[in-house]
Amino acid sequence: MSALEHMLFRLDSGFNGAILRIALGLAIPPVFRVISGEHDGIWISLLLFVGLLVVLRFGPAVLRRVLPFSREAKDAWRERRDIAKQYDSFQWQKLFWIGLGMLPYVIVDGASRSGELVLTAICLIGGCVGLFFWRRSRARGVGRGA
C-alpha cells in the first residue's frame, strides 16, 4: 500500500475514524440549516441525513472505481465492506460518533430545533446499541483490522 493509501485507510479506523465522524457530526447542523433555508423539521432533517448516508455509501465506491488504488488497498477495503455486510453493528456504531459531534448544537439550542434533536437522539441511541454489539463481536475476534 502506498503512503497515501495507508493514510486513507488509517483515517477511517479506530480513534481516527471516531474523530473524523465527530467532525462530520459537527458539520451536519450548520450545513443542514443552510440547505433547508433555516427551516426546522424532523422530516427535513431525516431526509437530509438519509441523503448524506447515501453519499457516504456511494461516494467512496465511485472513488475506488475511478482512482488507481493498489490491489492491497482494494482488498483491505473489500474486507471492511464484507464485515459491514455481515455485522450491521459495524455500520451502526459509526452513528454514535456522528451523534456525539451533533450533541453540542442540541445542548446549546436545547429543544429549539426538533429535527436536530431527533436526529441526534437517533444517532446516539442507535450508535450506542451498535457500539455495544460491535465491541462484543470484536471481543470474539471479528474484524480485528477494521
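Structure notes:
- When we screen R135, R113 for residues that are farther than 15 Å from L53 by Cβ, buried (at least 16 other Cβ atoms within 10 Å of the Cβ) and basic (K, R), the only hit is R113.
- Note on segment 28-41: residues that are in a helix (DSSP H, G or I), surrounded by 14 or more Cβ atoms within 10 Å (Cβ to Cβ) and in contact with a helix residue (DSSP H, G or I) (Cβ under 8 Å, 6 or more places away or on another chain) amount to 3.
- Residues satisfying the stated conditions in segment 11-22, i.e. at negative phi and loosely packed, with under 13 Cβ neighbours inside 10 Å: L11, F15
- Residue within segment 42-58 that is assigned to a loop (DSSP other than H, G, I, E, B), in contact (Cβ under 8 Å) with a residue 40 or more places away in the chain and surrounded by 13 or more Cβ atoms within 10 Å (Cβ to Cβ) present: no
- Enumeration of residues in segment 83-118 that are assigned to a helix (DSSP H, G or I), polar (S, T, N, Q) and over 13 Å from the mean Cα position of the chain (by Cα): Q86, S114
- Pairs with Cβ under 6 Å, 6+ apart, first in segment 6-31 and within 28 Å of D109 (Cα to Cα), second surrounded by 14 or more Cβ atoms within 10 Å (Cβ to Cβ) and of a type outside the set (A, V, I, L, M, F, W, C): R21/K94; I22/G101; G25/G101; L26/G101; P29/Y105; P29/E116
Values in this text are rule-based calculations from the coordinates and carry no lab data. Worth saying up front: this structure is predicted, and the values here are computed from it rather than measured. Note that each Cβ is placed from the backbone with ideal geometry, even for glycine, and that neighbours are counted across all protein chains shown.
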